[in-house]
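Only one structure is covered here, and it is reproduced in the block below.
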Amino acid sequence: MAAGSTAQAAPGEGRGFGPASGASLLDRVRDWRDRMVADPMFRSWAARFPLTRPVARRRARALFDLCAGFVYSQVLAACVRLRVFDLLSDGPKTSQAVAARTDLPPEAAVRLLEAAAALGLAARRSGGRYGLGPLGAAMVGNPGLAAMVEHHAVFYADLRDPVALLRGATGTGLARYWPYATGGAAAGLGPLEVTAYSALMAASQPLVAEEVLGAYDLRRHRCLLDVGGGEGGFLCAAGAAAPDLRLVLFDLPAVAERARARLDAAGLSSRATVAGGDFLADALPTGADIVSLVRVLHDHDEDGALALLRAVRRALPPGGTLLLAEPMSGTPGAEPVGEAYFGFYLLAMGRGRPRTPAEIGALLRAAGFADTRPRRTSTPLLTGLMTARAA
Ligand SMILES: CC(C)=CCC/C(C)=C/CC/C(C)=C/C=C/C(C)=C/C=C/C=C(C)/C=C/C=C(C)/C=C/C=C(C)/C=C/CC(C)(C)O
Ligand SMILES: C[S@@+](CC[C@H](N)C(=O)[O-])C[C@H]1O[C@@H](n2cnc3c(N)ncnc32)[C@H](O)[C@@H]1O
């Protein structure tokens, strides 16, 4: 953290690697329970004893799911790659029909459909047919999610050796996929280097924009600057939600080019301005009364995050608003999303980490913001949201 900063929450403080404190009564009870469960004799007894058997079965299932999660993910990947959900979306089909449409051997189609049915992605229907399952139905008409699943092939390869990742392995697939994170002069990236990640972000942006715009009314503002705004998907959605809002986007030059084309195609060229540059080196455009950072801060380690927030603060007038949206650590009910998924994703990418709202709040105050407030979104798993006021 920069010298003289007032952000006192050290990275990870209160999250298991801060200073140790005395064990509470609850800690001692948990230690006792863990010692019991760690004993094979106890486990064997508890799996048979009627009162403890249901808990033992639930724990065994939870542990099995952790062992096998990578297989489940690949069943989903096969369904996405073979467009199985699109196929089933116009009505249940026999396995032979699915085999013919996906170019799979008939027995392989049955194997895939049975696995998908067991995972809630498909469901057995009458007459030996298969329809969408409750989770497969949520994949239909969701190209952003399908794109996420497809790009996981890169992450999956990086996770082959998780210990090497933790020990600082470089040259990962995700580092190549997101070349701004580790590649040196980000502003020099060319069109080819930004295409894959920009397209993925554009495809998945509608999911995020719906959450953010459902939780925060932009109509009270005059001009929105979206920093690291990608291809402009968030600005297009913001422009539709707030028809009088002026729109400004800042991103790396090669991404800004893509945004310009997209905003023009959306008929927003008279309301929108696009600027290209490096937000860690160049001044941001001024004149906006609200700045958004959508899925940007978690890409940065502490120094970069603070430098970025300070640049945003300089671009805002006193009283201006910052809107910060990204998946956050410690989100109740979605803890594995922040800590496990994004923790390891950003590790493989080579920079950044997910933060709790308290950690983000501390960085914001250090950068000259006040009134830092977490806001409720309808699906916190997709994105957390915070606002702050330029002090
Ligand atoms: C109709 C009747 C009678 C009953 C219906 C019952 C009912 C109410 C059912 C509910 C149906 C419903 C509304 C389902 C909704 C499902 C939803 C909203 C599912 C959403 C799932 C979202 C997922 C799985 C999101 C995944 C996101 C991922 C993997 C994001 C990855 C992001 C990355 C890699 C970002 C990278 C950027 C970087 C580099 C970190 O900065
Ligand atoms: C994870 S993407 C998020 C894009 C968009 N906000 C969204 O949610 O779809 C991060 C964005 O920050 C941009 N970016 C990264 N480093 C940058 C830098 N130093 N200066 C300007 N933009 C940068 C990237 O080009 C990319 O568009």
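Coordinate-derived values only; no laboratory data. Note that the structure is predicted; figures quoted are calculated from it, not measured. Cβ coordinates were reconstructed from backbone atoms using ideal geometry, including for glycine residues, and neighbour counts include every protein chain displayed.
Here are the numbers for the structure shown:
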quantity	calculated
Whole-Hz ³J(HN,Hα) from phi, Karplus 6.51 cos²θ - 1.76 cosθ + 1.60, for segment 83-89, glycine and proline x	6, 5, 5, 4, 4, 7, 6
Residue order, fewest to most surrounding Cβ atoms within 10 angstrom, among ARG129, ARG30	ARG30, ARG129
Axial C-alpha extent at least 27 Å, average Kyte-Doolittle at least -1.0 - helices from the chain (DSSP)	53-81, 191-215
Distance histogram in 5 Å bins (all Cα pairs of segment 196-322, percent per bin)	2, 11, 23, 26, 23, 13, 3, 0
In order through segment 317-327: 3J(HN,Hα) via Karplus (6.51 cos²θ - 1.76 cosθ + 1.60), integer Hz, x for Gly, Pro	x, x, x, x, 10, 10, 10, 10, 10, 5, x
Charge dipole of the chain about the Cα centre (unit charges at C-beta), most positive-ward option of PHE70, ALA325, PHE279	PHE70
Euclidean distance of C-alpha centroids, segment 318-357 and segment 248-314, integer Å	19 Å
Neighbour-count order for LEU364, LEU145, fewest beta carbons within 10 angstrom listed first	LEU145, LEU364
10 Å-binned pair-distance histogram of segment 317-390 (Cα, whole percent)	21, 46, 28, 5
Dipole moment magnitude, nearest 20 debye, the chain about Cα centre, only Lys, Arg, Asp, Glu C-beta charged	1260 debye
Selection from PRO143, PRO162, GLY127, by position along the positive dipole direction of segment 101-163 (Cβ)	GLY127
Relative contact order, percent, segment 41-137 [alpha-carbon distance under 8 Å, six or more residues apart]	22 percent
Cα Rg over Rh - segment 143-390, Kirkwood	0.94
Taking PHE250, PHE342 and counting other C-beta atoms within 10 Å, the order from fewest to most	PHE342, PHE250
LEU280 versus ALA100: modelled label distance in nm, points set 7 Å from Cα along the beta carbon direction	5.5 nm
